[in-house]
Amino acid sequence: MYVNYLEQMEELLTITAQQGASDLHLSANRYPAIRVDNNLIFLTNKNMLAVADIEGLVYSILSEEQRARYEKEKELDLSYDLKEKARFRVNIYTSQSHIAAAFRLIPTHIRNIAELNLPNVLRRFTSLRQGFFLSAGPAGHGKTTTLAAMVDEINHSRSDHIITIEDPIEYVYTPDRSIINQREVYTDTLSFHQALKSSLRQDPNVIMVGEMRDPETMSTAITAAETGHFVLSTLHTNNAAQTIDRIVDSFPPFQQNQIRMQLAATLVGIVSQRLVPRISGGRIPAVEVLIVNNAARSLIRAGKTHELGLVIDTGLEDGMMSLNRSLADLVGRREISMEDALNYSMNVEELRSLLGQ
């Protein structure tokens with residue numbers, strides 16, 4: 001019996017978009033599931049998925065080259081356009097020898113900093129012509145969306161050449177005052193490192209690197225920031241101190257002091273964020289903001305990143321913000337519950353003190 005898997009796949013993706021879900025999950029011997037406001041909801045009105053069904057659904061949207069790459073590497077990242085109605089970032093992977101997939105809905109509208117409820121201080125970074133900016137936080141907590149808002153702010157306010165290097169391309173920008181060239185790893189270039197190295201010969205003003213996965217990419221990104229470019233990227237880390245340590249620790253010991261010196265000279269800011277369930281529905285970001293001033297540079301050079309929290313705590317008037325202060329502010333505005341604030345805090349006792357408990 002013929003099964004039109006492409007039609008079924010597009011129906012599931014349409015449901016994901018219509019229900020306001022962030023993700024669609026396909027797993028063997030389970031119903032399709034969508035994530036709404038951080039909760040998984042199983043689509044029990046659909047058929048439970050056998051391994052052959054998932055293979056048929058997923059392979060229906062792959063090219064021959066993508067299918068061959070998945071079968072060789074056992075995982076694959078790509079983007080998929082649903083008839084120009086919605087766009088998805090797709091990760092296909094293998095679980096207990098069976099194919100599985102996760103689809104992340106990428107909004108077609110790039111929301112700005114205010115619409116995302118991000119601190120206005122981020123606009124200060126978008127006015128910079130040179131430096132290294134990092135968006136940090138756990139997976140799925142809006143790092144890429146934050147960078148997209150900042151890149152689009154530059155697009156609408158400056159006449160620059162912007163290059164993005166992504167795996168895969170998520171948000172698609174509409175050039176306004178700027179020229180924007182988006183490059184996808186494996187489709188337009190062989191690697192983040194190669195694309196970043198080549199970008200320095202492409203007359204860029206702004207370079208956005210979707211993710212820094214290896215020391216070569218990190219080193220080239222820092223060098224680009226040193227040589228008169230504004231570079232933005234992401235890291236899967238919990239706070240500013242951990243972000244810097246992760247970069248430094250990625251290099252062999254004999255290089256680490258040099259990397260600290262370079263970071264101290266080029267780093268302009270780190271924003272770490274969590275998307276916390278909102279009382280009214282949806283999620284809202286709680287953020288830690290580090291603006292790299294002279295005190296922060298001295299601590300980075302000295303390898304005393306554990307003291308950066310004090311710089312953040314004393315930099316409130318300059319626009320800095322600790323995660324706990326952000327959580328306490330959201331509780332005070334009745335945006336999030338006390339329970340959720342405590343769950344997302346990395347220092348519960350300090351948060352209780354800020355909340356007057």
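None of the figures in this text is laboratory data; all of them are computed from the coordinates on show. As the structure is a computational prediction, the values presented were derived from the model and not from experiment. Quick reminder, even Gly has a Cβ in these numbers, built from the backbone with ideal geometry, and neighbours come from all protein chains shown.
Remarks
- Of all beta bridges that DSSP places with both ends in the stretch 88-187, some 55 percent have antiparallel geometry.
- Relative contact order of the stretch 142-182, taken over Cα pairs closer than 8 Å and 6 or more residues apart, is 45 percent.
- Simple Cβ-charge dipole of the chain, Lys/Arg +1 and Asp/Glu -1, about Cα centre, in debye nearest 20: 520 debye
- Loop-located trypsin sites (Lys or Arg not before Pro) in the stretch 188-234 (DSSP state other than H, G, I, E, B) with a sparse environment of at most 12 neighbouring Cβ atoms within 10 Å: R201.
- Euclidean distance between Cα centres, the stretch 72-129 to the stretch 225-271, Å: 24 Å
- Full extension of the chain segment joining R30 with Q130 gains 31.1 nm, where the gain is 0.36 nm per residue of separation less the Cα-Cα distance.
- Dimensions of the stretch 158-218 along the principal axes, based on C-alpha atoms and rounded to the nearest Å, stand at 32, 22, 16, largest first.
- Folded to 0 to 90 degrees: helix 143-157 orientation relative to the chain principal axis, Cα: 70 degrees
- About the Cα centre, charge dipole magnitude for the stretch 151-242 (Lys/Arg +1, Asp/Glu -1 at Cβ), debye: 220 debye
- Only helices enter this figure: runs of n ≥ 4 DSSP H residues, each worth -39500 (n - 2.57), summed and divided by the residues of the chain, yield -11000 deg cm²/dmol at 222 nm to the nearest 500.
- Kirkwood-Stokes translational diffusion coefficient of the stretch 72-117, alpha-carbon pairs, 10 °C, 1.306 mPa s, µm²/s: 127 µm²/s
- Spacing of the two label points (7 Å from each Cα toward its C-beta) at K304 and M261, in nm: 2.0 nm
- Fraction of C-alpha pairs exceeding 20 angstrom in the stretch 201-258: 26 percent, rounded to a whole number.
- Between 0 and 90 degrees, the angle of helix 215-226 with respect to the longest Cα principal axis of the chain falls at about 50 degrees.
- Descending by average beta-carbon neighbour count within 10 Å, the peptides 302-312, 40-50 line up as 302-312, 40-50, the highest first.
- For the set K46/K72; K85/K143; K74/K143; K46/K83, the pairs lying more than 28 angstrom apart at their alpha carbons are K46/K72.
- The stretch 146-194-the stretch 285-339 distance, computed between alpha-carbon centres (Å): 28 Å
- Relative to the longest principal axis of the Cα atoms of the chain, the long axis of helix 253-266 lies at roughly 80 degrees.
- Size of electric dipole in the stretch 226-357: Cβ of Lys, Arg +1 and of Asp, Glu -1, about Cα centre, debye, nearest 20: 180 debye
- By average C-beta atoms within 10 angstrom, highest first, the peptides 86-93, 345-352: 86-93, 345-352
- Using the average count of surrounding beta-carbon atoms within 10 Å as a protection proxy, the listed peptides 260-267, 103-110 rank, highest first, as 260-267, 103-110.
- FRET efficiency for the N4 to A50 pair, using the beta carbon distance and R₀ = 22 Å, is estimated at 0.85.
- Applying 1/(1 + (r/R0)^6) with R0 = 22 Å to the Cβ-Cβ distance of I179 and E84 gives a FRET efficiency near 0.45.
- Globularity index of the stretch 134-192 is 1.16 (Cα radius of gyration / 2.2 N^0.38 Å, N = number of residues).
- Ranking T44, T305, Q242 by Cα position along the charge dipole of the chain, where only Lys, Arg, Asp and Glu carry charges on their C-beta atoms, puts T305 farthest toward the positive end.
- Label-point separation in nm, R67 to H161, each point 7 Å along Cα→Cβ: 4.0 nm
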